[in-house]
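Step one of this worksheet: look at the structure below.
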Amino acid sequence: MRTYTKGIPLAEGRPSRVRCMSPAEVDLHAPGQPPQEAELVRRLEVALAGLPDAERTAVISAVAFAGGSVGAAMELGIEVGDADAVTRSGLQLLRAALADLDAEGLPVG
């Protein structure tokens, strides 16, 4: 008998069961993101897309993937100190692109 990674037995030759949900049950669940959070995510994606390649790679490696300067250095193939500088530059560019929003993603002012 095969097992999943945590030792849970997997029934061989048996397909997984699909469980249907009624539309009423689906409607009971809240939407994934509040509208302002969805807009903030959209704005962040646009700002990231506008970054130069090195800065975008550094920011995503260091911050989004929590690799820090070492992760950014590994992704970019440069020294850690240089990767730290590129990451800081990318973060400054992101802050500038989102300067018209407050900490909760709402327009300032």
Please give the FRET efficiency for residue 37 paired with residue 92, using the beta carbon to beta carbon distance and R0 = 22 Å, rounded to the nearest 0.05.
-> 0.40
With a point put 7 Å past each Cα toward its Cβ, work out how far residue 27 is from residue 85 in nm, to one decimal.
-> 6.0
Place a +1 charge on the Cβ of each Lys and Arg in region 52-109 and a -1 charge on the Cβ of each Asp and Glu, then give the dipole magnitude about the Cα centre in debye, rounded to the nearest 20.
-> 20
Would you pull out the residues with amide H under 5 Å of residue 101's amide H, same chain only if 5 or more places away, H placed 1.01 Å from N?
-> 108
With the charge dipole of region 24-109 built from beta-carbon charges (+1 for Lys and Arg, -1 for Asp and Glu) about the Cα centre, the Cα from 81, 51, 69 projecting farthest to the positive end belongs to 81
Mean separation of Cα contacts under 8 Å (at least 6 apart) over the residue count of region 32-94, i.e. the relative contact order in percent, is 31
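Read-outs throughout are calculated quantities, based only on the coordinates presented, and are distinct from any laboratory measurement. On a predicted model such as this, the values are computed, not experimentally measured, just so you know. In this analysis, Cβ positions are derived from the backbone assuming ideal geometry, glycine residues included, and neighbour counts consider all displayed protein chains.
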